[in-house]
Amino acid sequence: MSKNQKRVLKLAIVFAVMFGITPAANAMHIMEGYLPPKYCIIWGAICLPFLVAGYFSLKKTISENRKSITIIAMAGAFIFVISSLKIPSVTGSCSHMTGTGLGAILFGAGAVSILGIIVLIFQAILLAHGGLTSLGANTFSMAIAGPLVSFGIYKLCQKLKVHRHVGIFLAAAIGDLFTYCVTSIQLALAYPSETGGIAASAVKFLAVFAPTQVPLAIIEGILSVVIIIGLETYAKSELTGLGFIKAGEK
Amino acid sequence: MVKNVILSVIFLVALILILLKERKYCLRKCRANNHQHGASHKHGEWISIDFYSYASQIRGWNPVFKVSFAVALVILCIVLDNPYVSLIVIIAMAYLTIVRGGLAAREYLSVLMIPAAFIIISIFTIVIDISKEPAGHFNLHMGFFYIFTFKAKLEQGLLLMLKVFAAVSALQMMTLSTPSSEIIYVLRRSHIPKLIVELMNMIYRFIFILLDVSAKMKNSALSRHGYCDLKTSWHTFGRIAGNMLVISLKKANAYYDAMEARCYDGELVFFEEYKKIDKKLVISSVGFLIFLSIFPWITI
């Protein structure tokens, strides 16, 4: 082994140790200052139509029934608190749910886009997760792409008459995985690999974040099902109010 | 350029040392908390940021000034992309938060270290490359393939780390000295739609109500062996989350009635302290921003 190789090996060992001591598996919030200015603006612009649509749909809901404003605000607070609760785990590492998949199933994908951006702002201000310049990219991956996929899969499973709990598991888990893929692609677009370009870079990011994100997606799916089971047992009337269980079902 | 690399490496080593030390401290703190009763355990990093922002000695500065100063600094950091600018920003923000704001250095570091894991992993990913042939300046044979990197890539990664920390510390200067309600006030002043500001105001208040609820439920679950093993604790977690939704819906109705009873007609108006803009402060910060933006051209 040459001197250089030894040096790299040492560096790799340091990083392996770092992985070992910081198993913090948060949802992948892109940090403040990480993206070049071009991408901050592009992702913000991509989010805009979704946010505008979400804003108008919210406005319509509220003008039809003023009372719904507190329920919508509570839904936002609920998503925030769910995402800030520590998931119980064996090693004592800190992992959190994203909560947006569950939010999309319960409240619909349209409402989650606006609630999602507000929750992301509070996560940046109160939890130091994410940032203001990366808000556009984070909003797209966590408040738009992920919830849309979750909602779509949930509806699809309903159509195909898959068991409701399986559908919820799939919706929450795949929505989470999709968020992680979108974030990896966002990172790869901003920092393409020297030899393989954007695709190679995307594969690298996917591989590096897989050990934390894949188990997290499965846990998120399981927990979403447990939450829904709890709700179905104790709070049928509230769920009917949200439109989750159609009147007369079950 | 060698200077840049040395600078960044020193920074990286310091970072790792701080991280290790911080982790030990956190573990000890967690253990101490577990030995006490659970009631004191409802705090996390996030509540502490809210708490510090109210306790900060520079809370009296005008919030519009603070927010625009922080945003301008973040934008300067990512547009200029210069290691010296980043370093100056890191030092200046530490000075503002620790010396002027009166926050303990240890607490400041622990807040700054929250995103460290993500930063280090993602920068590591940018720096390395994988291929079947040893193509870079540094190659590591892994059996079937090589992990390799270039000197330029290493340098890019280290500079990126400096930049991210500068931007994060500028943001933290804002969040650690400006309570959320004042930040929302600034957003309203900048003509964000009224409905969204309204929702933000409510969500901010509801977050603390729900956190209180969840802390209470967690306490009672703990006292009934709700977390005795992993399977039970997942069940408990799910039940708490589900219950929380039910309670939040019930409370939402009650709050609407309460607001209605106080003549709510679509606008929440809060008392806002008028904070004078300190002219000296504005002049010196604008000077600082101008200095930073011409800095790259002076040094070359």
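Checking each residue in the stretch A:164-197 for being over 17 Å from residue A:46 (Cβ atoms) and over 19 Å from the mean Cα position of the chain (by Cα) picks out A:164, A:165, A:166, A:191, A:192, A:193, A:194, A:195, A:196, A:197.
Condition check: in contact (Cβ under 8 Å) with a residue 40 or more places away in the chain, of a type in the set (Val, Ile, Thr) and either in contact with a strand residue (DSSP E or B) (Cβ under 8 Å, 6 or more places away or on another chain) or within 14 Å of chain A (Cβ to nearest Cβ) (or both). Does residue B:247 satisfy that? No. For the stretch B:82-105, the candidate set comprises residues that are touching a Leu at 6+ places or on another chain (Cβ under 7 Å) and not in a helix (DSSP H, G or I); within that set, the residue that is surrounded by the fewest Cβ atoms within 10 Å (Cβ to Cβ) is B:101. Can you spot a residue in the stretch B:176-198 that is closer than 30 Å to residue B:124 by Cα, modelled with pLDDT of 85 or more and either facing another protein chain (nearest Cβ under 9 Å) or crowded, with 19+ Cβ neighbours inside 10 Å (or both)? Within the stretch B:176-198 (the criterion being closer than 30 Å to residue B:124 by Cα, modelled with pLDDT of 85 or more and either facing another protein chain (nearest Cβ under 9 Å) or crowded, with 19+ Cβ neighbours inside 10 Å (or both)), the answer is yes, since at least one residue qualifies.
Contact map, the stretch B:219-232: first residue assigned to a loop (DSSP other than H, G, I, E, B), second residue surrounded by 11 or more Cβ atoms within 10 Å (Cβ to Cβ), Cβ cut-off under 6 Å, separation 6 or more or different chains; pairs are B:226/B:236; B:227/B:233. The criterion of at least 3 residues that are over 19 Å from the mean Cα position of the chain (by Cα) is met by the following helices (runs of 4 or more DSSP H) wholly inside the stretch A:40-133: A:68-84. Here is the figure for the stretch B:211-244: residues that are at the interface with chain A (Cβ under 7 Å from one of its Cβ atoms) and of a type in the set (Lys, Arg) total 1.
Would you mind stating whether residue B:154 is part of a helix (DSSP H, G or I), within 7 Å of another protein chain (Cβ to nearest Cβ) and buried (at least 18 other Cβ atoms within 10 Å of the Cβ)?
no
Rundown of residues vs (1) within 13 Å of another protein chain (Cβ to nearest Cβ); (2) modelled with pLDDT under 90; (3) in contact with an Asp or Glu (Cβ under 8 Å, 6 or more places away or on another chain); (4) crowded, with 22+ Cβ neighbours inside 10 Å, yes/no style:
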{"position": "A:74", "(1), (2), (3), (4)": "yes, yes, no, yes"}
{"position": "A:83", "(1), (2), (3), (4)": "yes, yes, no, yes"}
{"position": "A:89", "(1), (2), (3), (4)": "yes, yes, no, no"}
{"position": "A:93", "(1), (2), (3), (4)": "yes, yes, no, no"}
{"position": "A:127", "(1), (2), (3), (4)": "yes, yes, yes, yes"}
{"position": "A:133", "(1), (2), (3), (4)": "yes, yes, yes, yes"}
{"position": "A:144", "(1), (2), (3), (4)": "no, no, no, yes"}
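Taking residue B:50 as the residue in question, decide whether it is among the charged types (D, E, K, R), at pLDDT below 90 and under 19 Å from residue A:37 (Cβ atoms). Spelling it out, it is not the case that residue B:50 is among the charged types (D, E, K, R), at pLDDT below 90 and under 19 Å from residue A:37 (Cβ atoms). A count restricted to the stretch B:170-191 and to residues that are without any contact (Cβ under 8 Å) to a residue 40 or more places away in the chain, more than 27 Å from residue B:104 (Cα to Cα) and assigned to a helix (DSSP H, G or I) stands at 2.
Checking the structure you have, find out if any residue of the stretch A:183-196 is at pLDDT below 85, part of a helix (DSSP H, G or I) and more than 7 Å from chain B (Cβ to nearest Cβ). Checked the stretch A:183-196: no residue is at pLDDT below 85, part of a helix (DSSP H, G or I) and more than 7 Å from chain B (Cβ to nearest Cβ). The numbered conditions (1) assigned to a helix (DSSP H, G or I); (2) crowded, with 18+ Cβ neighbours inside 10 Å; (3) within 7 Å of chain A (Cβ to nearest Cβ); (4) not basic (Lys, Arg) are all true for residue B:160 except (3). Of note, residue A:150 satisfies the criterion of being surrounded by 24 or more Cβ atoms within 10 Å (Cβ to Cβ), at pLDDT 90 or above and of a type outside the set (A, V, I, L, M). Scanning the stretch A:165-193 for residues that are buried (at least 19 other Cβ atoms within 10 Å of the Cβ) and over 21 Å from residue A:214 (Cβ atoms) turns up A:190, A:191, A:193. Can you report the number of residues in the stretch A:210-234 which are closer than 21 Å to residue A:83 by Cβ and touching a Gly at 6+ places or on another chain (Cβ under 9 Å)? Residues in the stretch A:210-234 being closer than 21 Å to residue A:83 by Cβ and touching a Gly at 6+ places or on another chain (Cβ under 9 Å): 13 in total. If you check residue A:200 against the conditions, is it without any contact (Cβ under 8 Å) to a residue 60 or more places away in the chain, part of a helix (DSSP H, G or I), facing chain B (nearest Cβ under 8 Å) and closer than 30 Å to residue B:127 by Cα? Yes.
The values are calculated or read from the model by the stated rules, or taken from the named source; none is laboratory data. All values reported here derive from a predicted model rather than from experimental measurement. Please note: Cβ atoms are built from the backbone with ideal geometry, for glycine as well, and neighbour counts cover all protein chains shown.
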